[in-house]
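Here's the structure, in C-alpha cells; my notes come after.
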Amino acid sequence: MTRVVLAMSGGVDSSVAAHLLRQQGHEVIGVFMRHGVHSPGAACAAGAGPALLPVAAGRADRKQGCCSAADAADARRVADRLEIPFYALDLQEEFARIIDYFVAEYTSGRTPNPCVMCNTWLKFGKLFDYADSVGAEFVATGHYARLVATPGANVPQLCRGVDASKDQTYVLFGIERRLLRRMLLPVGEYEKPQIRQLAGQLGLRVADKPDSQEICFVTTGEHDQFVRQHRAADIDTSGELVSVDGRVLGRHAGIESFTIGQRRGLGVALGQRAFVVRIEPDTRRVVIGGREDLARRTLTAERTNWLADPPAGPFRCQAKIRYNAPAAPATAEVLVEDRLAVQFDEPRYGVAPGQAVVCYDGDRVWGGGWIES
C-alpha cells in the first residue's frame, strides 16, 4: 500500500480526491495547510499550536472572521467520514513569504498571482518535505489537471484536466519538473458535476459547497486594502490618472487598486468604455484608455520554468496570459537567461506584468514564465 499525503482544503474537490485515492488502494494522510491570516480584529485559531496539529474529531473551529477555521472543520469532517488520519500543518512563516510577494508586486504596479506561488512553494514544495518526514511517496491535491505517462520519459507530462472549464494547469506551471513523478491528481479525469455527484453519494456535506472565488488570505475580498495594511505605513503610491495622450483626468489613492485591463472603479469618464492600459510605478501614474489601447501582440517573460523541453528556435503553441483567459494561438521562443518571447496571432487584451504566461501543446503543458513587458 502506497502512502500519500493529500492537501485537503475543505472543498469538494480535495474531499472526493481522498475517496478516489482510497479506492485506488493508497494509504491517505489528509493535511490542511493553515496560514494564520484572519480578518482585522478577529481571533484566529489557525495560528495556534505547534507546527503539526492533529485536528480533534469534536472540534468545530468556526470562529467568526477566521479565514480558514470553517474550511479546516469541513476537511476534518470529511476525513472522519472516510476514516483517514488528518492533520493541520502550520505554515504561517511560509505564507508570510507569499504575502510579502503579494504586497511587493502590487506596490510595484504589477499584478501578482499568489495561487501559482502557493502551488510552487507550499503545496508542491513544503508539503513534499512533510511527505518525506512521514515516509509518503506521493503528494496529491484536488486540482483539475492530469499526469500522463510518456514512453521513454522519466517523468509524466502535465496535461489539462478533462473538464476544460475547470482546468487548473495554469497555476501548476511553476512546480519543479522532477516532482511530477511524485504527484497524484485524481480529480483531473472527471468533470466537476461528476465530482459533486460523487460527493453526494458519499454523504459528504461539502457536496454543494461553493467553489472559492477569492484569494484565501485576503479575507475582506479587497486586495488593495490588504496591501495597505501589510506594507510600511510611510509608502505613498497615490498619483495621477492620465489618458493615453497625457491628459490628467484625476487622482487615485494608490496603484495597488489597479490592474491592467481593469474597467470598474476607475472614477473617471472618457465618453467611452475606459480601461487601465498601463501602470507606471516610477511616476505612480495610472494610464486610462479605450479597449483598442489594451491590444498587445507580443510579450516577454522572465524566470521561466519548463515541465517539458520546448523545441529549439521559434515554436507554435497556445499561450495563456491569465487563469480565466483562454489560451490563444501564438509563436514562442526561448531566450537566454531564463526568458521567453511570445507573439500572438491576434491581439490579446489585458496582458499584465506580474501574471504568468503558460505555453501549451494541445493539452500538454510545456511551461512558461512571468510577464515582464
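Just the residues that are modelled with pLDDT of 95 or more and farther than 16 Å from Arg76 by Cβ, please, taken from region 24-40.
Gln24, Gly25, His26, Glu27 - these are the residues of region 24-40 that are modelled with pLDDT of 95 or more and farther than 16 Å from Arg76 by Cβ.
Every residue, every condition in (1) within 25 Å of Gln168 (Cα to Cα); (2) touching a Ser or Thr at 6+ places or on another chain (Cβ under 8 Å); (3) modelled with pLDDT of 90 or more; (4) among the hydrophobic types (A, V, I, L, M, F, W, C), yes or no:
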| residue | (1), (2), (3), (4) |
| --- | --- |
| Ala70 | yes, no, no, yes |
| Pro85 | no, no, yes, no |
| Gln92 | yes, no, no, no |
| Tyr101 | yes, no, yes, no |
| Val116 | yes, no, yes, yes |
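Which of the residues that make up region 207-229 are crowded, with 17+ Cβ neighbours inside 10 Å, of a type outside the set (S, T, N, Q) and modelled with pLDDT under 85?
Hits for region 207-229 are Ile215, Cys216, Phe217, Val218.
Residue by residue, here is whether (1) in a helix (DSSP H, G or I); (2) modelled with pLDDT under 85; (3) outside the structural domain of Val12 (by TED's automatic domain parsing) holds:
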residue: Ala42; (1), (2), (3): no, yes, no
residue: Arg62; (1), (2), (3): no, yes, no
residue: Asp80; (1), (2), (3): yes, no, no
residue: Pro112; (1), (2), (3): no, no, no
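Filter region 335-353 down to the residues that are closer than 10 Å to Gly369 by Cα and surrounded by fewer than 19 Cβ atoms within 10 Å (Cβ to Cβ) and list them by number.
Asp338, Arg339, Ala341
When Asn154 is evaluated against the numbered criteria (1) free of Cβ contacts under 8 Å to residues at least 40 places away in the same chain; (2) surrounded by fewer than 18 Cβ atoms within 10 Å (Cβ to Cβ); (3) touching a strand residue (DSSP E or B) at 6+ places or on another chain (Cβ under 8 Å), which criterion, by number, is the only one it fails?
Asn154 satisfies every listed condition except (3).
Would you call Thr298 closer than 30 Å to Ala330 by Cα, part of a loop (DSSP other than H, G, I, E, B), of a type in the set (S, T, N, Q) and within 25 Å of the chain's Cα centre (by Cα)?
Taking the combined requirement at face value, the residue does not satisfy it.
What residue, among those in region 82-98 that are crowded, with 22+ Cβ neighbours inside 10 Å and either part of a loop (DSSP other than H, G, I, E, B) or of a type in the set (Val, Ile, Thr) (or both), is nearest to the chain's Cα centre (by Cα)?
Ile98
The values are calculated or read from the model by the stated rules, or taken from the named source; none is laboratory data. From a predicted model like this one, the values you see are computed outputs, not experimental measurements. Note that each Cβ is placed from the backbone with ideal geometry, even for glycine, and that neighbours are counted across all protein chains shown.
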